[in-house]
Each structure stands twice: as C-alpha cells, then as structure tokens.
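Asks: After the structure tokens below, expect a handful of questions from me.
Readers should treat all values here as calculations from the given coordinates under stated rules, not as data from a laboratory. Small disclaimer: the values here were computed from a predicted structure and weren't measured. Note: ideal-geometry Cβ built from the backbone for every residue, glycine included; neighbour counts use all protein chains shown.
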Amino acid sequence: MSSAPSAVLEDGHRELVDAFESFIRREVVPLAAELPEAGDLPPDDLRTYVRKRSAALGFYAGDYAEELGGSGMPFSAVVLLHHAAGRSGCVLAPYALAGSDGPSPLLRNGTPEQVERYLLPLVRGEAVRCLALTEPHAGSDAFRLTTTARRDGDSWVISGRKTFVSNADRADFALVVTATDQGAGTTGGATAFVLPMDQPGLRIGQRYEGMSGEPLFELLLDQVRVSTDAVIGGEDGVGAAMALAVDSLSRGRLIVAAMCNGIAEHALRLGVEYAREREAFGNRIGTYQHVQELLVSSRAELEASKLLTLACARLVDDGTEAPENAALAKLTASETAVRVVDRALQVHGATGWVRGHPLEFLYRYVRMMTIIEGTSEVQKVIIARAMGLC
Ligand SMILES: Cc1cc2nc3c(=O)[nH]c(=O)nc-3n(C[C@H](O)[C@H](O)[C@H](O)COP(=O)(O)OP(=O)(O)OC[C@H]3O[C@@H](n4cnc5c(N)ncnc54)[C@H](O)[C@@H]3O)c2cc1C
C-alpha cells in the first residue's frame, strides 16, 4: 500500500481500481501502442471499441444503477477510476469511462420513454450524445440564451445557434438547451430537448479545431419542429433545465478534478524519472535544487488536490453535494494539473517540447481543464458566494 496521505481515501475501492488498471494495461495500452503517432487524440473506431468493451466489463458508467445497465458503484469509486485512467498515461484510457459523450444526468430526469430510448443505450456504451448549451453570447453566463423553443399547438419550434459543442460529428442525438417561449408573451425559463442528429432543421455548422486535436462544432437549428415528447422530463421539464443542469454540475466537476489529478500524477512521474536519469554539469539534474523545486512543489500541490477531490467525492456518497465543494476541487485540481504538466515539461527541456512526446500532448490537452465545466473564475464566483461575499 502507498504511504501517501491520499491513499487513506483510496483504500475502500482498491480491488475495483486494480481490476480497472489491469484491464487498461492488458487490453487498452496495446491498442494505443499501435497508433501511428503518439500525441493526438485516437481515432473514433478505437474509442468506440474501448467504450463498449469497458461497458461490457461494468466499468463504463459504473455509477448508474443496475436497473439502468450500470454497476451501481459509489460515486467515489467512479472518481478513483477517472484518476486511474489519467494516471495510466494511455491516451485511450479516458474513453473507457463515461465523459461528455456518455449518459447525461439530464436524462435521469427523462420520461420513462426517454430513459428507455436514450439513456439506456448511453449507459451500455452503444450510443453517443452531445450537449448543446453554449452560444456565441452565452458561455459562462450559460442561461442568457437566445436559442428559443416556441410552443405551437402540440409542437415546439426551435431556432438558434449553439457553439463549441463536443462530439457533434459522431453523436446519435443532441441535448439542446433553449429559452422557452410559451406564447402570449410569456417566457418560461430554459428547457432541454433531446433531438436525433438527423432531425430536419438541425445541422452542424462550423468546425473548430482544438489545441489537442479535439474538434468542437457549431450546431444550427432552423425552425426545428418537434413534438412535446422531445422535452426532457415531459411537461414537468418545461422551464426546468436550469434546475436539472445545476443538480448535475457538482458530479461533473468532481470527475474533471479526478481526471486532472490523474494527468498530473502521470506528468509528475515522467518528470521525476527524467530528473533521476538526465545529467548536466556532471550531475543528475534531480540533484539541483531548482529542479527539485519544480517537482517537489508539484508533489505537494497534487497530494493536496487529491485529498480534496477524494474527500468531496466521499461527501457526495454520504449525501452532501455542496456546489462549493465541487468548485473548490475543480478549481484546485485543474489549476494544479496545468502547473504540474508545465513544470514536468520544463524539467525535460527540449525533449519534452518535441511533438510526439507525451508531455507535449499533455501540455496542450490539460489546458482545456480550467475552461470546461465552468472556468476557474466561475468556480471562484461560486466559492465567493458560499463565503457570503456576493
Ligand atoms: C474543450 C471544450 C469543450 C467544450 N464542450 C462543450 C459542449 O460540449 N457543450 C457546450 O455547450 N459547451 C462546450 N464548451 C464551451 C464551454 O462550456 C465554454 O467555453 C465555457 O462555459 C466558457 O464560456 P466562454 O468560452 O464563452 O467564455 P466566457 O464566458 O466569455 O468567459 C471569458 C472569460 O471571462 C471570465 N468570466 C466570465 N464571467 C465571469 C465572472 N462572472 N467573473 C469572473 N470572470 C468571468 C471567464 O472565466 C473567462 O476567463 C466547451 C469548451 C471547451 C474548451
């Protein structure tokens, strides 16, 4: 057993994490080794294979209830699996776990028909979805929406423009959040719809190339006419999207925090290994205090971040889902991971900067973590509110 303080919070799920790591080592790492170039996102067919295989083994979407096709794992176990995927350093490992294309907590509030048609295939890893919330003028201020759903008799008519949507090119359906126009001049908050990607009037617009090779997409909705069945949660879901989304944010942020901690642990290991071997001025560089400073600071910050994330995940299992806890963990872990990867690259000098080196890829990949699931500044706003400052 590790003597690290954070190991205290890992022990309860040791066997599960060991089984997941063994799956990654035996089945996923060999697939990643065949990729033509280390340093970019793996192709879709490999990601799909890993997702389905992991679902068959019960790891993917493991925290979903058994009657929904999951394994009924505690949330803290899922957080440890995300950490382990990042720590493995294997670019394919994160696809073994449900992420932004997997089952959405929004659909847990779906009607029984929506659960059957959309959520269950997602939990089984057989379908992929995207979430279209962000708009050109509604990012952090996510509910200042101009995409509108207008009630028209028994139908809804949706028009607008969404931006920076992950997975839109390979999704089977989209979860689209709109402002609601109930007619007769009344607006009723935000409403989430589930739309098949081949829905008439819905199309992908611009493609944005991300730093780490991951594309994002614009989604255009031109008079998309759907029946009331498309409202997530049915009639109760009209105007309820904000409450539903806010409910699910804490878990999503803790999962991002765990991914960040895993990435940072991998980067730190690479930095330490290199510092123990590389020589300059007749000594191993790890003996120089300036190099130690980079690695020791990373170790201390990472250990604190892991403890915070794992403690918050435990609290979720114990019934405390405080948004400021998730904000504290996500802020700490994402900012720590960016710093730790940067320092590990610095320890490698030009070797780490060269395209194809794992740290060169991680340096680009980790940068999104302080932006997705609420920027660092938005996490600070949540924490400041909880402190009674605003
Ligand atoms: C890799 C990636 C994947 C994404 N995937 C999706 C997706 O699948 N679906 C989707 O809908 N969106 C997605 N997004 C969009 C993402 O949700 C937004 O980028 C994010 O919410 C921030 O919005 P913005 O980019 O418009 O920045 P803005 O909100 O314009 O913020 C710009 C700057 O102002 C700061 N700021 C804003 N408000 C405040 C405030 N009140 N106090 C202090 N500072 C503030 C921000 O922190 C930031 O530094 C993705 C983004 C990325 C990078």
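Asks: Please identify, among Ser166, Ser297, Ser76, the residue showing maximal mean-square fluctuation in a Gaussian network model of the chain using a 10 angstrom Cα cutoff.
Replies: Evaluated over the chain, the most mobile residue of the options is Ser297.
Asks: May I ask for the distance between the Cα centers of the stretch 115-189 and the stretch 1-29, given as a whole number of Å?
Replies: Cα centres, the stretch 115-189 to the stretch 1-29: 37 Å.
Asks: Answer rounded, prolate or oblate for the stretch 129-239, using the Cα gyration tensor with square roots of eigenvalues a ≥ b ≥ c: rounded when a/c is under 1.5, else prolate when a/b is larger than b/c, else oblate.
Replies: prolate
Asks: Hey, another quick one. Measure out, as a whole number of angstrom, how far apart the alpha-carbon centroids of the stretch 326-387 and the stretch 280-305 sit.
Replies: 18 Å
Asks: A further question on this structure: How large is the dipole of the stretch 269-390 about the Cα centre if only Lys and Arg carry +1 and Asp and Glu carry -1, each at its Cβ, rounded to the nearest 20 debye?
Replies: In debye, rounded to 20, the stretch 269-390 gives about 320.
Asks: Where q = 0.07, 0.12, 0.13, 0.15 Å⁻¹, what log10 of I(q)/I(0) comes from the Debye formula for the chain, counting one point per Cα?
Replies: One equal scatterer on each Cα of the chain leads to -0.33, -0.96, -1.11, -1.44.
Asks: Further question: What do you get for GluC sites (Glu not before Pro) in the stretch 74-145 restricted to DSSP loop and a cutoff of at most 13 other Cβ within 10 Å of the site's Cβ?
Replies: Taking the stretch 74-145 and a limit of 13 other Cβ atoms within 10 Å, no loop GluC sites (Glu not before Pro) are found.
Asks: Please report the net charge: other residues with Cβ closer than 15 Å to the Cβ of Pro5, K and R +1, D and E -1.
Replies: Local net charge: -2.
Asks: Next question. Per DSSP H run of at least 4 residues, take -39500 (n - 2.57); add these up for the chain, divide by its residues and hand me the 222 nm value, nearest 500 deg cm²/dmol.
Replies: -13500 deg cm²/dmol
Asks: Under 26 Å between alpha carbons: how many lysine pairs meet that in the chain, if sequence neighbours fewer than 8 apart on the same chain are excluded?
Replies: For the chain, qualifying lysine pairs total 5.
Asks: Still on this structure: In terms of the Cα gyration tensor, with a ≥ b ≥ c the square roots of its eigenvalues, is the stretch 244-390 rounded because a/c is under 1.5, prolate because a/b exceeds b/c, or oblate?
Replies: Prolate is the answer for the stretch 244-390, as a/c is 1.5 or above and a/b outweighs b/c.
Asks: Does the stretch 281-350 come out rounded, prolate or oblate, given a ≥ b ≥ c as the square roots of the eigenvalues of its C-alpha gyration tensor, rounded meaning a/c under 1.5 and, failing that, prolate meaning a/b above b/c?
Replies: prolate
Asks: Which trypsin sites (Lys or Arg not before Pro) from the stretch 267-375 combine a DSSP loop assignment with at most 12 other Cβ atoms within 10 Å?
Replies: Sparse-neighbourhood loop trypsin sites (Lys or Arg not before Pro): Arg355.
Asks: Shifting gears a bit: Where the centre of each part is set by its Cα atoms, how far does the stretch 192-266 sit from the stretch 76-106, in angstrom?
Replies: Centre-to-centre distance over Cα atoms comes out at 18 Å.
Asks: Which of the DSSP-defined H helices in the chain satisfy a minimum axial length of 24 Å, computed from C-alpha atoms, and a minimum mean Kyte-Doolittle hydropathy of -0.5?
Replies: Flagged H segments are 241-277, 289-317, 323-348.
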